[in-house]
Amino acid sequence: MKTINVQLKKVVDTSYGITVGEGLLSRLPQLLKKEHSASVYVIIADTMTAKLFGKKLQAGLRKAGCKTLLLSVPSGEASKSREHMAVLEDAMLKAGVDRRSSVLALGGGVVGDFAGFVAATYMRGIPYIQLPTTLLAMVDSSIGGKTGINTPLGKNLIGAFHQPKAVYADIDTLRSLSRKELCNGLVEAAKMFMTSDAASFVFLEKNLEKALAQDSKILVELIARAANVKARVVGNDEREDGERMVLNFGHTIGHAVERLSKYALPHGQAVGVGIMVEAQMAHNSGRLSATGLISVQTILQRLQSPISVLRRYKPSDIISATKGDKKSLAGQARYVILKGIGEVENRDGQFVETVGDTDVLQALKDVINYE
């Protein structure tokens with residue numbers, strides 16, 4: 001018997017910049033030609049975003065002498081599917097998109113996840129750039145390289161870690177968003193501050209109304225603060241082996257409720273519901289004080305998190321739906337436990353822990369009885 005070792009020890013630098021500001025999309029053709037040249041720029045957007053920003057971006061790229069292809073999928077979480085992925089991949093192959101091409105993920109979190117996964121797998125991986133157009137995507141999903149699609153058995157269960165080459169967050173794209181949609185995104189910023197940055201949580205509390213009124217200076221600052229938190233966590237733990245799991249606070253219950261709603265409930269709203277239940281778990285276990293719990297409850301109320309949706313589903317169905325969560329171990333859901341604003345439980349480098357069904361059920365009942 002003979003053994004041959006394949007030596008692949010190497011360090012690959014996948015660092016990238018996150019740029020937040022106004023008017024970035026109008027300057028993007030020049031930025032891309034200078035910093036991220038490609039044989040073809042494949043713009044992937046949903047149908048609404050393609051109309052709002054995609055066609056204008058494509059025209060700007062063509063004017064700058066760049067070859068482009070604009071592809072779109074229907075709006076909504078259902079677009080993150082194997083079927084839609086195959087349609088776009090076939091279109092790219094027919095158009096002659098090669099390995100020197102680059103994908104431009106133009107849209108919210110759905111488009112970012114979906115387009116990133118297309119880029120991760122097309123011809124075994126091509127570069128992509130995140131161009132988030134929603135607040136939720138700017139503060140969270142566009143950063144960190146998580147890409148994926150959904151299946152009937154759960155959200156984001158098929159995917160890959162594939163870091164973008166850059167993120168350009170143009171806050172001008174937020175002008176079309178409603179107050180409800182802004183709240184949807186700010187829930188994710190609040191989540192990051194709750195787990196990792198108490199000072200920024202206070203900043204959000206003080207400036208929430210200005211952010212919802214689309215004060216440009218406040219929005220840029222909030223997005224930058226949230227991006228800084230996520231960039232630090234991802235830099236410490238790119239592939240979610242430890243600390244990066246703190247970013248899933250609220251997501252175990254949130255994803256379960258989202259799935260039970262058949263993805264009719266927007267992601268940020270679902271996460272807000274999940275945060276409230278998981279904060280209640282932390283309080284019930286003696287880790288989160290009453291003052292901390294009230295702070296969480298108050299900010300979620302101001303962000304219009306629809307806690308009452310929990311009444312639509314049997315608690316047992318919610319608990320059952322958590323079992324397919326990616327953080328589950330041996331069929332048991334695991335949770336991030338909040339100890340205080342800006343701090344989570346960390347036991348020997350473990351940032352999640354198993355919570356028994358009885359304790360989850362009690363937390364659900366407690367939150368349902370809030371109103």
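The values are calculated or read from the model by the stated rules, or taken from the named source; none is laboratory data. Since the model is a prediction, treat every value here as computed from it, not as a measurement. As a convention, Cβ positions derive from the backbone with ideal geometry for all residues, glycine included, and neighbour counts pool all protein chains shown. Accessible surface areas use protein heavy atoms only, side chains included; no ligands, DNA or RNA. Shrake-Rupley method; radii C 1.70, N 1.55, O 1.52, S 1.80 Å.
Results for (1) of a type in the set (A, V, I, L, M); (2) within 16 Å of the chain's Cα centre (by Cα); (3) more than 28 Å from Glu209 (Cα to Cα), shown as yes or no for each residue.
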| position | (1), (2), (3) |
| --- | --- |
| Val234 | yes, yes, yes |
| Leu247 | yes, yes, no |
| Ala264 | yes, no, no |
| Ile319 | yes, no, yes |
| Gly331 | no, no, yes |
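Scan segment 177-193 and tell me whether some residue there is within 15 Å of Val111 (Cα to Cα), open to solvent by 10 Å² or more (accessible area, probe 1.4 Å) and out of contact with any Phe, Trp or Tyr (no Cβ under 6 Å at 6 or more places or on another chain). No, there is no match, as no residue in segment 177-193 is within 15 Å of Val111 (Cα to Cα), open to solvent by 10 Å² or more (accessible area, probe 1.4 Å) and out of contact with any Phe, Trp or Tyr (no Cβ under 6 Å at 6 or more places or on another chain). Here Arg287 clears all of (1) closer than 20 Å to Gly340 by Cβ; (2) crowded, with 22+ Cβ neighbours inside 10 Å except the condition numbered (2). The residues listed here are Arg232, Arg259, Arg244; of these, the one that is of a type in the set (Lys, Arg) and within 20 Å of Glu353 (Cα to Cα) is Arg244. Restricting Glu371, Glu343 to those that are modelled with pLDDT of 95 or more and open to solvent by 20 Å² or more (accessible area, probe 1.4 Å) reduces the list to Glu343.
Per-residue answers, yes or no, for (1) in contact (Cβ under 8 Å) with a residue 40 or more places away in the chain; (2) in contact with a Gly (Cβ under 7 Å, 6 or more places away or on another chain); (3) under 26 Å from Pro266 (Cβ atoms); (4) exposed (fewer than 14 other Cβ atoms within 10 Å of the Cβ):
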{"site": "Ala59", "(1), (2), (3), (4)": "no, no, no, yes"}
{"site": "Ser79", "(1), (2), (3), (4)": "no, no, yes, no"}
{"site": "Arg82", "(1), (2), (3), (4)": "yes, no, yes, yes"}
{"site": "Met85", "(1), (2), (3), (4)": "yes, no, yes, no"}
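If you scan segment 194-223, which residues turn out to be open to solvent by 60 Å² or more (accessible area, probe 1.4 Å) and either touching a residue at least 60 places away in the same chain (Cβ under 8 Å) or of a type in the set (Val, Ile, Thr) (or both)? Ala199, Val202, Glu205, listed by residue number. Is it true that some residue in segment 107-130 is assigned to a loop (DSSP other than H, G, I, E, B), open to solvent by less than 20 Å² (accessible area, probe 1.4 Å) and of a type in the set (S, T, N, Q)? No, because not a single residue in segment 107-130 is assigned to a loop (DSSP other than H, G, I, E, B), open to solvent by less than 20 Å² (accessible area, probe 1.4 Å) and of a type in the set (S, T, N, Q).
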